[in-house]
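Below is one structure; the comments refer to it alone.
None of the figures in this text is laboratory data; all of them are computed from the coordinates on show. Quantities reported herein were computed from a predicted structural model and do not represent experimental measurements. As a convention, Cβ positions derive from the backbone with ideal geometry for all residues, glycine included, and neighbour counts pool all protein chains shown.
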Amino acid sequence: MNGHLHPITLAIARISDIFSKMGFDTVDGPELEDEWHNFDALNVPADHPARDMQDTFWIKDKKGLNKSGKEAGYVLRTHTSNMQIRTMEKYVADGKELPIAICCPGKVFRNEATDATHEAQFHQIEMLYVAKDASLSMMIGVIEKFFSEFFGTDLVIRLRSSYFPFVEPGNEVDMQCFKCKGDGCNICKQTGWIEIGGAGMVHPKVLEAGGINPNDYRGFAFGCGIDRMIMLKYGVEDVRLLYSGDLRVVNQF
Ligand SMILES: [Zn+2]
């Protein structure tokens, strides 16, 4: 045997396949991103703590201009949400017809100490749908189908109100525990639910930043960590194992 795909590569292929069957294209884009696509266009205010040096890897000595001609910096993207903006821009530039239905799995970076559940580099999956008829109930349907397919059993989700600058309303997404289905077990800490991601209706300012008229179109978006999904599904207890290159880990997948 000459080689073996890494569990993250396998998970990304599986995720793309699940979304593809629901009519979503897989897209990817730059990991080195300008401040506008990573923050401003996503309605993240200039004084938001996420922009802090503590949370974000800023690139020294690389400056560009943002859309208003102001000098702006570059970052290692802190989320895959930059692809929401880049995809909308591309649709508008190419004159492509909506709806937009994409998923974007990819690497993201946070300037934080590593431990069993945190890595400075990890993987996210982003989903974006923009159409005249986009609704919260469609969003729930797509997310439930996604988790059900990935974890191999029919699952429901529940939404808890939360704040993310790029969605309104915004929600934390909890997934029904795939192991106990709600009875309570060690995976879900006896609650029956697992906190798994964030979602919401795309903020009108974000549609506008992507060149789409929020009076005509609505969107929903969802994001969650791929590493965490793998850890949950296969019982991996330390995220660092996924990045160690240890073949005793990799060969189990
Ligand atoms: Zn459980």
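So here's what we get for this one:
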quantity: Helix axis angle, 7-21 relative to the chain longest principal axis, alpha carbon, degrees; calculated: 70 degrees
quantity: Farthest toward positive dipole pole in region 48-152 [+1 Lys/Arg, -1 Asp/Glu at C-beta], among ALA120, TYR91, ASN66; calculated: ASN66
quantity: Tilt relative to the chain, helix 82-94 - C-alpha long axis, 0 to 90 degrees, to 10; calculated: 50 degrees
quantity: In degrees, nearest ten, helix 136-151 long axis to first principal axis of the chain (Cα); calculated: 40 degrees
quantity: Region 43-66-region 22-40 distance, computed between alpha-carbon centres (Å); calculated: 16 Å
quantity: Lys/Arg +1, Asp/Glu -1 at C-beta; region 106-253 dipole; positive extreme among GLY106, VAL167, PHE150; calculated: PHE150
quantity: Shape category assigned to region 50-133 from the gyration tensor of Cα positions, a/c cut at 1.5; calculated: oblate
quantity: Cα-Cα separations in region 47-99 greater than 19 Å, expressed as whole percent; calculated: 45 percent
quantity: Fewest-first sequence of VAL108, VAL156, VAL250 by Cβ atoms within 10 Å of each Cβ; calculated: VAL156, VAL250, VAL108
quantity: From phi via Karplus (6.51, -1.76, 1.60), per-residue ³J(HN,Hα) for region 33-42 in Hz, x at Gly/Pro; calculated: 10, 7, 4, 5, 6, 7, 10, 4, 5, 8
quantity: Charged-residue dipole, Cβ positions (Lys, Arg, Asp, Glu), the chain about Cα centre, Debye nearest 20; calculated: 260 debye
quantity: Nonlocal amide H pairs with GLY184, under 5 Å, H built at 1.01 Å; calculated: GLY192
quantity: Surface/4 estimate of mean projected area, convex hull on alpha-carbon atoms of the chain, nm²; calculated: 15.1 nm²
quantity: Set of region 74-102 residues, backbone N closer than 13 Å to the point 7 Å along the Cα-Cβ line of ASN213; calculated: none
quantity: For ASN43, distant residues with modelled amide H under 5 Å away; calculated: none
quantity: Calculated from backbone phi, Karplus (6.51, -1.76, 1.60) coupling profile of region 98-103 in Hz, x at Gly/Pro; calculated: 7, x, 9, 9, 10, 10
quantity: Trypsin sites (Lys or Arg not before Pro) within region 1-67, DSSP loop, no more than 12 other Cβ atoms inside 10 Å; calculated: LYS67
quantity: Cα-based shape type of region 1-46, given that a ≥ b ≥ c are square roots of the gyration tensor eigenvalues and the cut on a/c is 1.5; calculated: oblate
quantity: Segments 182-191, 165-174 sorted - mean Cβ within 10 Å per residue, highest first; calculated: 165-174, 182-191
quantity: Under Karplus coefficients 6.51, -1.76 and 1.60, residue-wise ³J(HN,Hα) of region 193-210 in Hz, glycine/proline x; calculated: 10, 10, 5, 9, x, x, 7, x, 7, 4, 4, x, 5, 6, 4, 4, 4, x
quantity: Gap separating the Cα centres of region 68-88 and region 150-172, nearest whole Å; calculated: 23 Å
quantity: Region 84-166 - charge dipole about Cα centre, Lys and Arg +1 at Cβ, Asp and Glu -1, debye rounded to 20; calculated: 180 debye
